[in-house]
Amino acid sequence: MRIVLVLVSLVLASGAAYGQTTDYGDPDFTFDASYRYGFPDKLTLDETGDLSHDFSGDLEVPFTMDQEGRVWLAVYTEGANPAATTSGGPGGAVTRAAGIDGLVWVSAGVDMPAGSGAITWDGTDFDGNAVGSGTYRYYLFAVNQDAVPTVVGGGGSPWNQSTRFDPSADANAPMVYWIYNVTDVEGGANGHSLRRAPMGTDYSVFYPAEGVEKQIPYETFAMPWVNEMTGAETDGGWNDMGSLEIEPTDNNVFYISKSRNTPQVGVFRAILDEDAGTITPDPDWPVADAGSFVAFDERLPNTALAAGQHHPWVADDGLIWVAHRPNGWPVTPAVYSIERATGEIVDMIDYTEYYVTPWVDADGGDQSRVEGPWGIEVDDTGIYTSGGGNHQFWDNVAEGEWFQLQSFPVKLDHSGNLLWKNENGDGFVERLFGPEADAAGVDNTGMQNMYVSDVSSTSWGISIWSGYNDPVDGYVLGPDGSGLFKIDRRGVPRGTNPGFNRWVNNGSAWDGYYTQTGGQITATHTPADLISGLIISGATAILEVDSNVTPEASALGDAYPNPFNPDVTIPFEIANVGKNVNVRIAVYNVAGQEIVVLADEPMHSATYEATWDGLDANGNQVGSGVYVYQLTAGDFVVSKRMSLLK
């Protein structure tokens, strides 16, 4: 099973504070033997399922969870096909493409004990207006922010540039914790190595403020050939950094990007030899330059590439996607897609529009600044990128002008078309300085250097962003780019905000929220969970008939009664594939137009029944005729017909 850990940054939409500059965490925290080490303490929200609502009053969204936590409820449209907007969501901060369902309402976070609970939605949007009947999607999030996080892996020097988890680990066995390190390497030349340690081990960590000894069971694999391949002359450190990803089908294969002040920029592929204890360049990466290295500036000389920072992401589509944030100007900020099997560059998407701020100095010189893309993740819905680097307001002394650098969260589709962009206005990943900050009443003291260093996505396109502009762990944005809430863990030592955040949400024993604690020293797990379901007008619902049955194959049954009026039942079965699978049941007319979605959520292996009341996605009664209902469960897709007869 592939364990995907997701970078998280979470903030409450209403009442979010701008410009906070103090460190997060508990100033009285002591990092001592009482700190929890070992296997994660998992929090589980029980599946609530789909809910029926007549939209004439309040709706309670019930849940149960097995430990205390803060819970949020967010409600989105579903299948509404809205028009594009340049001022969407609370605060009008989101630019959004057409067809993307938007945020309707999000609750305040509510601290609740273990057991049963509920959050009530009053059927209004975030402006207080009543919504019409139809189909909506709800998300329930729970995070135990008061729990002392579990130390699950060690960090290393402050210059470890990438921390990843073995993607092929068993769901209930200790995972492997990999770090790409560029300084302080025993026996390593040029300061490059990969370090490996088991997660969930009972060990202490190095925390300078408390003087705790480092006792981390690392294996270290030195890589002196990194600088030799790229022509770098430095001996490691910040100016010689890179980033790491692991091949999903072979955890002995690594993709490592080369960054900063090196003559050659790009990505190389390396192979772990367990017996020899080495990690060496892959000589068989077919099209790569200089053995295993894909040099961007040599392969694409017309893209004005220069030395820069690269963060790679291995997607499930056979590609590796690399964010290129160049140093200096004029250069092209871009995202590259590369065939993992061959090393061929498939595409380059130009991000100049999103991450370059034009600036001409008093002498007429071009001093435009590049502030991204930095962090990157790619899923089947698109490309998520964050800004990065020194997000400074530059003062043109001659003119007395301040201007804002471009560094906002952006999501594009795989062809480079904008899906959404979150800018200032909603309290999430804000960039306010100078006169703008003064006009908004924001204290921006000490905020001239701000980072958004990473991004990740989890179920249903919900994305998670880390950042250094608030003393919190990070921000959660919904599938339309609107800010939802933030995580502000209290059981952690005070320190700089984490640049590494990930959320596992795939039904494994490792589910939860991961981040660095006390700077970049150690990886910790905080109990967290996320579930979703539909809110449907009328009687449409999904009923689990028998959870004790584990079908050998997924199947779609015959709808009954057929013809029907007014309701119809659709039986189906989900096979046991070892994990939850996303199940989608949709109804179409004979012209192929989607009428309504009855289910679109992860389900475990069982037998089910879906009930449709003959209403479309907007709550309108459909006419007599033949309709097609389709079940999609992972790779399994099947359709059948039914008739409505009035």
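The values are calculated or read from the model by the stated rules, or taken from the named source; none is laboratory data. Keep in mind that what you see is a predicted model, and the values were worked out from it rather than measured. Cβ placement follows ideal geometry from the backbone for every residue including glycine, while neighbour counts extend to all protein chains displayed.
Restricting to the stretch 581-605, what's the tally of residues that are surrounded by fewer than 17 Cβ atoms within 10 Å (Cβ to Cβ) and either in a loop (DSSP other than H, G, I, E, B) or modelled with pLDDT under 90 (or both)?
6
Considering only the stretch 120-149, state which residues are over 25 Å from the mean Cα position of the chain (by Cα) and in a strand (DSSP E or B).
Hits for the stretch 120-149 are Thr120, Trp121, Thr124, Ala130, Thr135.
Report every pair of residues separated by at least 6 positions or lying on different chains whose Cβ atoms are under 6 Å apart, first residue within the stretch 262-291 and at negative phi and of a type outside the set (Lys, Arg), second at pLDDT below 70 and in a loop (DSSP other than H, G, I, E, B).
The qualifying pairs are Thr262/Ala232; Thr262/Ala307; Pro263/Gly231; Gln264/Gly231; Val265/Ala307; Pro281/Gly291; Pro283/Gly291.
Determine, yes or no, whether Leu73 is touching a Pro at 6+ places or on another chain (Cβ under 8 Å) and hydrophobic (A, V, I, L, M, F, W, C).
Values: touching a Pro at 6+ places or on another chain (Cβ under 8 Å): no; hydrophobic (A, V, I, L, M, F, W, C): yes.
For Leu73, the condition - touching a Pro at 6+ places or on another chain (Cβ under 8 Å) and hydrophobic (A, V, I, L, M, F, W, C) - is not met.
All but one of (1) closer than 15 Å to Val294 by Cα; (2) buried (at least 16 other Cβ atoms within 10 Å of the Cβ) hold for Thr357, so report the exception by its number.
Checking Thr357 against (1) closer than 15 Å to Val294 by Cα; (2) buried (at least 16 other Cβ atoms within 10 Å of the Cβ), the one that fails is (1).
Per-residue answers, yes or no, for (1) among the β-branched types (Val, Ile, Thr); (2) buried (at least 21 other Cβ atoms within 10 Å of the Cβ); (3) under 15 Å from Phe485 (Cα atoms):
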| position | (1), (2), (3) |
| --- | --- |
| Gly69 | no, yes, yes |
| Pro90 | no, yes, yes |
| Gly99 | no, no, no |
| Trp121 | no, yes, no |
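Against the definition (surrounded by fewer than 20 Cβ atoms within 10 Å (Cβ to Cβ) and at pLDDT 90 or above), how does Asn562 come out, yes or no?
It is true that Asn562 is surrounded by fewer than 20 Cβ atoms within 10 Å (Cβ to Cβ) and at pLDDT 90 or above.
Among the strands (runs of 3 or more DSSP E) lying completely within the stretch 258-363, list those that include at least 2 residues that are at pLDDT below 60.
Numbers: elements: 266-273, 278-281, 293-295, 308-314, 319-326, 334-339, 345-350.
Counting at least 2 such residues, we get 308-314.
Looking only at the stretch 98-113, decide whether some residue is modelled with pLDDT of 95 or more and polar (S, T, N, Q).
yes
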